[in-house]
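Working notes, beginning with the structure itself.
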Amino acid sequence: MWALVQWQAEETGDLLQIRGGEGIGTVETEGGRAAIYAYAQRLLRENLSGILPPDRGITVTLILPEGRSLAMRTANAAFGVVEGLSLLGTTGISQPLSAPAQLADFRSELQQKAGQYKTLVFCVGENGLDLALQLGIEADLRLKTANWLGPLLVEAGLQKVEAILLFGYHGKLLKLAGNIFHTHHHVADARLEILTAHCANLGLPPRELQTIFASATAEDALNHLRELDVHTNRSWVSRVYGAIADRIDQRSQAYIYTHSEQSVAIGCLLFDRRRQVIVTSERGSVLLRQMTRS
């Protein structure tokens, strides 16, 4: 990361202006403002305000030289951040979501919630947490898992949780259909292989299978299936993702039982980058109705 610091040419009323330069993403839903969140700005102001002269301001432009290219390997677009990376995530708080210490925190929170509730909602990330609230699920039922789905599913079994509804971006959750229960891409990434296999099993033509397999992202593959639905009227999205959702439920239940010898009912809900629900499994629909009854 680079920082370009310049004296302000004229008085602006703000002695410390913070801007996003090359490689810093912009937030589409907020008028294209730089994706530099409150925590990052607070750190800069805290560390610089004490050394600024009282009568002269500076402008700090933050630059990530490889931000645009690195953003293509993330799900930033799912958060509305385009053309680069965000600083300190959608919550404005730095959290080591793949660190063992974070797993310990998640497990501790799960243990507390398991003592209060029979059914929980596992949300992979912030989008799932927000969508669960929008659909009317009680806030306390939610648990953030990040990439630690496997260990936390087993812990839920050990804590005698009766049912779990999995909320997640389809590019993450579909890994569970292939028995991948640590979803960080550095550990395993077979999203397109899993998606292609389910498409083949349902009879998608070979040429279309090649397109799905060669897609740059799972989102691109989903959009191709949507285009096929428009042109062929075959409902490929609902058929393929319905099969994937059922497999996620089956594999998750089996995983919990294998490692804890406990039976936990599992349902799932998968959404796309725009937080639009793609599919809810049969069990997931039942759990969702139970948790959103007024």
Length-normalised contact order for the chain - Cα pairs under 8 Å, 6+ apart - percent: 16
All Cα pairs of the stretch 3-58, percent lying beyond 18 Å: 41
DSSP bridge orientation in the stretch 1-65 - percent antiparallel, rounded to nearest 5: 60
Globularity index of the stretch 101-207, i.e. its alpha-carbon radius of gyration over 2.2 N^0.38 Å: 1.18
At 0.692 mPa s and 37 °C, Stokes D of the stretch 160-244 from Kirkwood alpha-carbon radius, µm² per second: 242
Rg over Rh, two decimals, the chain (C-alpha only, Kirkwood Rh): 1.04
If the convex hull is drawn through the Cα atoms of the stretch 112-162, its volume per residue in Å³: 67
The chain: antiparallel DSSP beta bridges as a percent of all, rounded to 5: 35
Rounded accessible area per residue of the stretch 172-294, 1.4 Å, Å²: 53
Distance histogram for the stretch 204-261 (every C-alpha pair counted, 10 angstrom bins, percent rounded to whole numbers): 21, 40, 22, 14, 2
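The values are calculated or read from the model by the stated rules, or taken from the named source; none is laboratory data. If you're wondering where the values come from, they're calculated on a predicted model, not measured in any experiment. Only protein heavy atoms, including side chains, enter the accessible area calculation; ligands, DNA and RNA are left aside. Shrake-Rupley method; radii C 1.70, N 1.55, O 1.52, S 1.80 Å.
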